[in-house]
Amino acid sequence: MENLALLEKLSFERIAGSKEEYRAAMIIKEEIEKMGLNATLEPFEIEFPEEVTATFEITAPQNQSFEVTGVGMAGVTKGLEAPFYYGQDLDEISLSQMKGKIVLFNGALRYDSYKKIIQAGAVGFITFNGSVYDTEIEVEDRYLRPKLQELGKIPGVTMSIHDAQTLVRLNPTTVRLTVNAKESTRTSHNLVVTLPGDIEDEIICFSGHYDSVRHSKGVYDNATGALAVLDFLKYFSQKKPKRTLKFLWLGTEERGLIGATQYVKAHQETIDQYKLNINLDMLGVVLGKDIACVTGEEAITHYIDFVAKELNFAIKTSTGVYPSDSTPFADGGVPAITFARGAVVGGAQIHSKKDVIDFISVESFNQTVEFIQAFASRVIEAEVCPIPSTMPKKMLEELDDYLLRKIAE
Ligand SMILES: [Zn+2]
């Protein structure tokens, strides 16, 4: 990256399946075409809640209404009035009080917490976001992921942490909520470039998601990763590579790694040829540290450490399942690495209005990109692919846990 101009150009809200997400794909496509290369768009459908509106009010002992957003793909109601309960923890005592009530609970919509609330017989729920130290809070648009929908749908709303605090202080007897929404589908896209290598049936693929969440211009998360993939394309298209290279700009990561999941599904017939996925998610932050999380054999971390020492590049390696697009590849049997430059606490904030260009530097971005390039070159050009293709049992178990196939009761 020579300067921040292209990052600036991609700095706008790019919600999955929106016309802005498509516009971002077109900006990237245009850059690819400037290199004299062709990109293919691979569309896929995603479920998307449309026209979600919601209200919430205390009805007794006194009336008071609050500003809320409705949780999409969850239940709808023209008006549900029920007793209120603050389920501060999902322990036995809290759960025993929830039956027939509208429950405020701490934390996000996780599978295990939602399951417990449903089983406890709650009829509606309230989540909240933000920090008590913030003066202005953007109430998040949340939606119920498919795995959670399977547990049963009850209507839910999200409010700011300030309102949640007020609600608990007032400790109302009864509350009322309404949620209206239409369940619809939208089209999102993956953008793909292929550089055929001498060994055609061994593929190394680079990926980075280019969608963002609501209220976020998604600069650090993840216009930076998308631009890194462009830089890799520019670099590796200079001469014919030994192994075939795929460059993927993936849509709809923020709603559950859907673009990557769709890609792996659509390319199932050739997925055995994929020897490594190098995924980029959040780079270039000035105050932070570089990490590489490997979903594959531990030997891959040693390989990265070796190259890092050779090149005098500080990076922390680990094995595990990373919450990004490397995971669907690993689940498809492809060893995968997510490279990221994690921000220090307070160094940059994602998934909010605060994810802007100010905390990113060209120098920081280029240092990481050049290291990954050097590492990838060794993998791409080696006589025998140095990446072990096996997936350790521990990784398979972690994938099962992460993808909610094996839920602890
Ligand atoms: Zn991301």
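Can you say whether residue 306 is in contact with a helix residue (DSSP H, G or I) (Cβ under 6 Å, 6 or more places away or on another chain), surrounded by fewer than 19 Cβ atoms within 10 Å (Cβ to Cβ) and farther than 24 Å from residue 16 by Cα, as far as the supplied structure shows? So residue 306 does not fit the description; no.
What number of residues in segment 81-94 are within 19 Å of residue 153 (Cα to Cα) and open to solvent by 40 Å² or more (accessible area, probe 1.4 Å)? Of the residues in that region, 3 qualify. Among the residues making up segment 11-45, those that are open to solvent by 40 Å² or more (accessible area, probe 1.4 Å), assigned to a helix (DSSP H, G or I) and not charged (D, E, K, R) are 22, 26.
Are any residues in segment 166-196 aliphatic (A, V, I, L, M) and in a helix (DSSP H, G or I), and if so, which ones? Within segment 166-196, 167, 168, 170 meet the criteria.
Only one residue in 201, 231 is open to solvent by 10 Å² or more (accessible area, probe 1.4 Å), more than 16 Å from the ligand (Cβ to nearest atom) and farther than 30 Å from residue 356 by Cβ, so which one is that? So the residue among 201, 231 that is open to solvent by 10 Å² or more (accessible area, probe 1.4 Å), more than 16 Å from the ligand (Cβ to nearest atom) and farther than 30 Å from residue 356 by Cβ is 201. In summary, residue 165 fulfils each of the numbered conditions (1) under 28 Å from residue 21 (Cα atoms); (2) loosely packed, with under 15 Cβ neighbours inside 10 Å; (3) assigned by TED's automatic domain parsing to the domain that holds residue 121 with the single exception of condition (1).
Being over 15 Å from the mean Cα position of the chain (by Cα) and crowded, with 18+ Cβ neighbours inside 10 Å is the filter; apply it to segment 248-266 and report the residue that is nearest to the ligand (Cβ to nearest atom). Residue satisfying both the conditions and the ranking: 248. Taken over segment 168-192, the residue count meeting the criterion of being under 19 Å from residue 47 (Cβ atoms), hydroxyl-bearing (Ser, Thr, Tyr) and surrounded by 18 or more Cβ atoms within 10 Å (Cβ to Cβ) is 1.
The values are calculated or read from the model by the stated rules, or taken from the named source; none is laboratory data. These numbers were taken from a predicted model, which means no experiment stands behind them. Because the Cβ atoms are built from the backbone with ideal geometry, glycine has one as well, and the counts that use them run over all protein chains shown. We work out accessible area using only protein heavy atoms, side chains counted, and drop any ligands, DNA or RNA first. Shrake-Rupley method; radii C 1.70, N 1.55, O 1.52, S 1.80 Å.
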